[in-house]
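Step one of this worksheet: look at the structure below.
The values are calculated or read from the model by the stated rules, or taken from the named source; none is laboratory data. Remember, it's a predicted structure, so these values are computed and weren't measured experimentally. Note that we place each Cβ from the backbone using ideal geometry, even for glycine, and neighbour counts take in every protein chain shown. Accessible surface areas use protein heavy atoms only, side chains included; no ligands, DNA or RNA. Shrake-Rupley method; radii C 1.70, N 1.55, O 1.52, S 1.80 Å.
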Amino acid sequence: MSFSVAIAGASGYAGGELLRLLASHPEFEITTVTAHSNAGQTVAAVHPHLRSLANKVFVATNAQNLAGHDIVFLALPHGASGALTAQLDPNTLVVDCGADHRLESEEDWAAFYGGDFFGAWTYGVPELLIGSGKQRENLVGTKRIAAPGCNASTVELSLAPGIAAGVIEPLDIVTVLAVGPSGAGKALKTNLLAAEILGTANPYAVGGTHRHIPEIIQGLRWAGAEQATVSFTPVLVPMSRGILATTTAKIVPGTTAEQIRAAWESAYADETFVHVLPEGVFPRTADVLGANTALMGLAIDEAAGRVIIVTAVDNLAKGTAGAAIQSANIALGLPEATGLSIDGVAP
């Protein structure tokens with residue numbers, strides 16, 4: 001069975017990645033692509049690497065053009081999808097890659113985003129530990145999916161096994177992420193120009209201001225933390241795409257190294273897209289380029305009494321578009337890995 005697909009905001013980076021991945025999906029047929037300023041142009045004019053979709057033409061982003069499809073993916077800036085999704089058929093599977101439907105707390109939305117609050121949808125991180133199960137169970141049959149923030153899902157997946165197993169403390173978590181500028185979208189900004197980022201590393205949203213913080217804490221609460229505090233610092237580095245998250249948390253006294261590693265290995269042992277690397281091995285962002293994988297390595301700092309989790313993802317693949325497609329597959333009853341690859345691109 002083939003499902004018709006519309007992609008709103010398909011001219012941006014996340015939208016382009018959705019196009020790239022969906023172009024080879026055997027069950028999804030891309031029928032409509034929309035854009036704002038690029039409406040009227042061909043896909044080839046905006047995404048010259050997408051040769052199989054070169055002649056498709058972007059149309060305006062509105063509810064009328066998105067109507068009549070089996071699946072609608074939205075890759076729009078935060079605040080732009082909430083009002084639009086309210087106009088879509090409730091029987092259509094809608095996957096929002098923006099932030100509008102991720103947070104349960106209206107107070108958190110007001111504090112970190114502002115503007116109208118549109119309520120939470122089913123969260124699109126299938127591997128995330130939720131109580132005694134995983135989030136994929138909640139995705140089955142849903143019609144509304146909130147794809148995650150790329151930084152947020154990376155940190156959540158890094159920490160959830162330790163939280164759920166009770167081997168780390170949730171109240172003193174520190175995470176520093178090296179991130180590529182594609183995570184900021186395609187809009188022209190001075191701080192993202194090549195002349196500004198090449199040859200340097202630049203911290204931003206320092207001091208607890210990054211918008212993904214409440215999303216991370218929400219995910220850790222679902223994993224079993226009654227309360228959590230996360231010091232989150234992203235650092236912009238000169239690579240077009242990728243996240244390398246180095247996250248540390250205090251070890252619960254009396255916990256052995258074997259128990260710590262077992263918590264992560266048992267949590268992800270059967271996962272297709274989340275892999276715990278052998279002891280002493282740590283991932284690089286190059287290892288996940290273009291793949292729907294999260295690779296993580298663990299270390300224990302005995303002197304500091306902390307566990308260190310280093311996780312690499314491609315922010316546009318597993319961090320955004322891949323997670324959206326993976327979640328849509330589950331919602332529709334398709335094999336979860338359909339159209340997605342664990343293999344990256346090298347060199």
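Given an 8 Å cut-off on Cα distances and at least 6 residues of separation, report the relative contact order of the chain as a percent.
Values: 818 pairs, mean separation 59.8, N = 347.
Relative contact order here is 17 percent.
The fraction of accessible area contributed by carbon and sulfur in the stretch 199-295 is 54 percent, rounded to a whole number (1.4 Å probe; ligands and nucleic acids excluded). Proximity of backbone amide H atoms, modeled 1.01 Å from N, is registered between ASP172 and THR229, LYS250 at under 5 Å, excluding neighbours fewer than 5 places apart on the same chain. Computed from point charges on the beta carbon alone (+1 for Lys and Arg, -1 for Asp and Glu), the dipole magnitude for the chain about its Cα centre is near 860 Debye. Using the Cβ of GLN218 as centre and a radius below 9 Å, the other residues enclosed give a net charge of -2, where K and R count +1 and D and E count -1. Ranked from largest, the principal axis spans of the Cα set of the chain equal 61, 46, 39 Å. Quotient of the Cα radius of gyration of the stretch 17-174 and 2.2 N^0.38 Å, N being its number of residues: 1.18.
In debye, nearest 20, what is the charge dipole magnitude of the stretch 126-208 about its Cα centre with +1 on Lys and Arg Cβ and -1 on Asp and Glu Cβ, if you could check?
460 debye
Placing pseudo-labels 7 Å out from each Cα toward the beta carbon at ALA54 and VAL206 gives an inter-label distance of 4.7 nm. Compared with the alpha-carbon gap, the fully stretched path from ILE342 to SER4 is longer by 119.2 nm at 0.36 nm per residue. Which of LEU192, HIS78, VAL237 sits farthest toward the positive end of the charge dipole of the chain, with +1 on the Cβ of Lys and Arg and -1 on the Cβ of Asp and Glu? Result: LEU192, furthest along the dipole toward the positive end.
Note on the stretch 123-224: Cα-Cα pairs beyond 21 Å make up 45% of the total pair count. Averaged over residues, the count of other Cβ atoms within 10 Å places the peptides 138-149, 251-262 in the sequence 138-149, 251-262, highest first. Packing, as the average of other Cβ atoms within 10 Å across residues, places the peptides 77-85, 209-217 in the order 209-217, 77-85, highest first.
Ranked by the mean number of other Cβ atoms within 10 Å of their residues, highest first, the peptides 118-124, 187-193, 317-323 come out as 317-323, 118-124, 187-193. THR248 exposes around 30 Å² of accessible area when a 1.4 Å probe is run over every protein chain in place. The residues of the chain have, on average, 41 Å² of accessible surface per residue, using a 1.4 Å probe with all protein chains present. The lysine pair count for the chain, using Cα distances under 29 Å and pairs eight or more places apart or on different chains, is 12. Volume per residue of the convex hull around the Cα atoms, evaluated for the stretch 92-148, comes out as 81 Å³.
The Cα atoms of the stretch 195-347 define a convex hull whose projected area, averaged across directions, is 11.3 nm².
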